[in-house]
Amino acid sequence: MRDSTSIFDRPIGESSTSRSAATAAHLASRKRASAVDSSGPENIPWFWQADQASVELRRKIEQAASLKVPILIVGETGSGKDLVARALHEARRKHFGLTKPEAPFVPVNVNTIPENLAESCLFGHERGAFTSARERQSGKFEQAQRGSLLLDEIQSLSLGVQAKLLRVLQDRLFERLGGRSQVETHCQIICASNQPLEVLVEKKTFRLDLYYRLNAFPIYLQPLREKQGLLDDIAQELLEQVQEKYSLKRKSIHPEVVYHLEKYDWPGNYRELEFSLLSAHLKSNTHEITADDLSPQIKGEFQNFIDSGYWGRNVSH
């Protein structure tokens, strides 16, 4: 039975003039929601912003809830691909009225799997498939049945395993390593990459036919440096999350801090901002985070120090 309740508790469209008020209201609603569920979009710090990229992201997640095609998420390191994948999973789970035990979320960082174990990890193996295989072991695809399987850093898969993944996407069937019987999979496949896959196709490190399959419904995440004008709201939201996560006292952000946040390039995106706010909070001795609590790198002082040549001159001696 389909659950008619959406994961979104506010209209998709929202005027920029009401952004700050809406963000403040959402901070209160997220505190209530976090006590019940910490895997939904409430934990995406830019999710409720009124800029076009955030609005489009909300539309795509709602649209993807009922789709049976693989989802591809592309974004720089630290841009929140895992959070968006979890929001996609929650939207799908609630759309079909499934409980969490019925529809698990199974994340896999492909880059951490040794190449010779990738097939066994993803598809499982039968007893005797290799020397240490003493019993049948289910793989990630079986563990994610009726739920969602996140293949993070999909670009790290070898060409051989890419071919096996292509077959799963085409037929929804796979074989355990060392097995002969086919297993049918009924999970939503979500792939994430921090590199544009078309570039890897040109380099011949990623299969073109697999790229076509994955690119049916792509979601591109905007880097933090392109969220100019929204850093104040995003930082406030992320600071709330940091304070809840680490059980810290509530502090506010001085306007001068926002000035530095807007100027910084944020190569590590939201993950870098999160730990920068945590560091500033721990350094602050008052009820407010000030520019003095920010790292020299964010204030541009570290780069100025390097550009001055002082460090290089001292090293040469």
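Could you order the peptides 107-115, 256-264, 151-159 from most to least packed, using the average number of other C-beta atoms within 10 Å per residue?
Final packing ranking: 151-159, 256-264, 107-115.
Give me the number: length gained by fully extending Leu200 to Glu301, i.e. 0.36 nm times residue separation minus the C-alpha to C-alpha distance, one decimal in nm.
Extending this stretch completely gives an extra 32.7 nm.
So how much slack lies between Gln52 and Asp82, counting 0.36 nm per residue of separation and subtracting their Cα-Cα distance, in nm?
Using 0.36 nm per residue and subtracting the Cα-Cα distance, I get 8.7 nm.
Under a 5 Å amide H to amide H cut-off, with H placed in plane at 1.01 Å, what residues pair with Leu72 once short-range neighbours are removed?
Under 5 Å from the amide H of Leu72 lie the amide H atoms of Cys191, Phe217, Ile219, each far enough along the sequence or on another chain.
Quick check on my link table: of Lys60/Lys249; Lys68/Lys245; Lys81/Lys204; Lys60/Lys227; Lys68/Lys140, which ones sit more than 30 Å apart, alpha carbon to alpha carbon?
Where the Cα-Cα span goes over 30 Å, the pairs concerned are Lys60/Lys249; Lys68/Lys245.
Take the Cα radius of gyration of the range 225-307 and divide it by 2.2 N^0.38 Å, with N its residue count; two decimals is plenty.
1.03
Between Thr290 and Leu117, what is the spin-label point distance in nm, taking each point 7 Å from the Cα along the Cα→C-beta axis?
Computed distance between label sites Thr290 and Leu117 equals 5.1 nm.
Spin-label point model (7 Å from Cα, Cβ direction): what's the Ser279 to Phe130 distance in nm?
3.9
Where a number appears in this text, it was derived from the coordinates with a stated rule and is not lab data. Predicted model only: the values in this text are computed from it and were never measured. Quick reminder, even Gly has a Cβ in these numbers, built from the backbone with ideal geometry, and neighbours come from all protein chains shown.
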